[in-house]
Each structure stands twice: as structure tokens, then as C-alpha cells.
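Chemist: First, the structure itself, so that you have it in front of you.
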Amino acid sequence: METLLKEKPFKKLGFDHLETVEIVNKLDTLLANYQVFFHKLQNYHWNVVGSDFYDIHDITQEMYENGLTNIDEIAERIRVFGKTPTYKLSEYLNKSEIVETTHELSAEYMVKELIKDLSTLASFALETSEIATENGDIGTTHMMNNLIVSFETNHWKLTAWSNKKYV
Ligand SMILES: [Fe+2]
């Protein structure tokens, strides 16, 4: 322990400025994408119509409820590093690769969108996990790996619903 401390002088949690910025930027990008995704889930939850109403209404509720917890944890992880997470809706939209859609969509189209968005979220979480691992930040790596599992599980559920072998 003493040797480690000598090699790496303590800054914030043992990470220097550059390491912190690398990790936090990745977390913030994931946060922005997740916030836009969260609102898409609510759009579909409220506005889906047709015989698949309950399927979409229920899965989107499950996903946005989990999303609320996950978003909170990502933003608070940024605070752990002493940085400020993006909090403006306008900035989320600017930073997010995930884009909003209209509400007048078929259930199939909504599911297609969500499957694509879950892949995007999983990619950002993987990038964040890799940067965290490179910098020795196992706390963020652990958080990201759990997120990836949940994105992949939802990806599977929606893919199975849409009855497509590969999406
Ligand atoms: Fe509701």
C-alpha cells in the first residue's frame, strides 16, 4: 500500500486530473444518452396504441423505472470525482447520439428504436468501462459492467418480442 502511494500521489480518489477527466467525460456522454432514452421510454409508455399496448406500456415502464436509478448513479459517480454532471435538457440533446422520435409510431417501430438505442447505450457503457479499467477505476468499471448486462437483457427481451433472429 505504501509503495502504491509513493508511485501514485493521492489526488481525488487517487486519480490525477487527466485520468479523472477521461473517466468523467465518458460517464457524462452516457448520462446524456440515457436521459434522452429515458424520455423516449416515457413517450412510448404514454402514447403507444393498438393491440400491443400492454406489452409496450409495461416494458417501457420497467425500463424507465430502472433507468431513473441508473441515471442517478451515473450522475452521482461524476460527483464522486468532484465534477458536475450535465443537468440541462438542451445539453443532453446536444451531447446525445440517441435521438428523439415522434409519438405516432407503431409498436414494432418503437421496439426497433429501443433495440437500436440499447446497443448505443451498451457501446457507451463499454467505452466507459474500458477507460475506467485503463485508469484503475474499478468502481466505475463495476458499475458499467452491471449496466451492460441490463442493457443486453433488455435488448434480448425486445428482440425476442419482435421475433427477429438478428437485429
Ligand atoms: Fe405510467
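Chemist: Determine the calculated [θ] at 222 nm for the chain from helices alone, applying -39500 (n - 2.57) to every DSSP H run no shorter than 4 residues and normalising by the residue count; nearest 500 deg cm²/dmol.
Modeler: On the way: 6 runs with 125 residues, N = 167.
Helix-only estimate at 222 nm: -26000 deg cm²/dmol.
Chemist: Just to check I understand the Karplus step: with θ = phi - 60° and J = 6.51 cos²θ - 1.76 cosθ + 1.60, what whole-Hz values come out for segment 124-140, glycine and proline as x?
Modeler: Once rounded to whole Hz, the list reads 5, 5, 5, 4, 5, 4, 5, 5, 5, 5, 4, 9, x, 9, 6, x, 5.
Chemist: May I ask which residue of ASN94, LEU41, ALA122 lies farthest towards the positive end of the charge dipole of segment 1-141, with charges of +1 (Lys, Arg) and -1 (Asp, Glu) on Cβ and the Cα centre as origin?
Modeler: Projecting each Cα onto the dipole axis, the largest value belongs to ASN94.
Chemist: Once you sort the root eigenvalues of the Cα gyration tensor of the chain as a ≥ b ≥ c, which label holds: rounded (a/c under 1.5), prolate (a/b larger than b/c) or oblate (the other case)?
Modeler: Numbers: a/c = 3.04, a/b = 2.19, b/c = 1.39.
Cα axes put the chain in the prolate bin.
Chemist: Kindly count the pairs of lysines across the chain whose alpha carbons are less than 23 Å apart, treating pairs on different chains or eight or more residues apart as eligible.
Modeler: Taking the chain as the scope, the lysine pair count is 27.
Chemist: Right, something else. Whats the longest run of the chain with zero chymotrypsin sites (Phe, Trp or Tyr not before Pro) that are DSSP loop and have at most 12 other Cβ atoms within 10 Å? The partial results should precede the final answer.
Modeler: Working: sites that count: PHE10, TYR87, TYR166.
By the stated rule (loop sites, at most 12 other Cβ atoms within 10 Å), 88-165.
Chemist: Give me THR128, THR133, THR102 ranked fewest to most by other Cβ atoms within 10 Å of their Cβ, as a rough exposure proxy. Walk me through the numbers before you get to the answer.
Modeler: Details: THR128 29, THR133 14, THR102 8.
If I rank by nearby Cβ atoms, fewest first, I get THR102, THR133, THR128.
A short reminder: the numbers here are calculations on the coordinates, not readings from a lab. In this text, all values refer to a predicted model and were calculated from it rather than measured experimentally. Methodologically, a virtual Cβ is constructed for each residue, glycine included, from the backbone with ideal geometry; neighbour enumeration extends over all protein chains shown.
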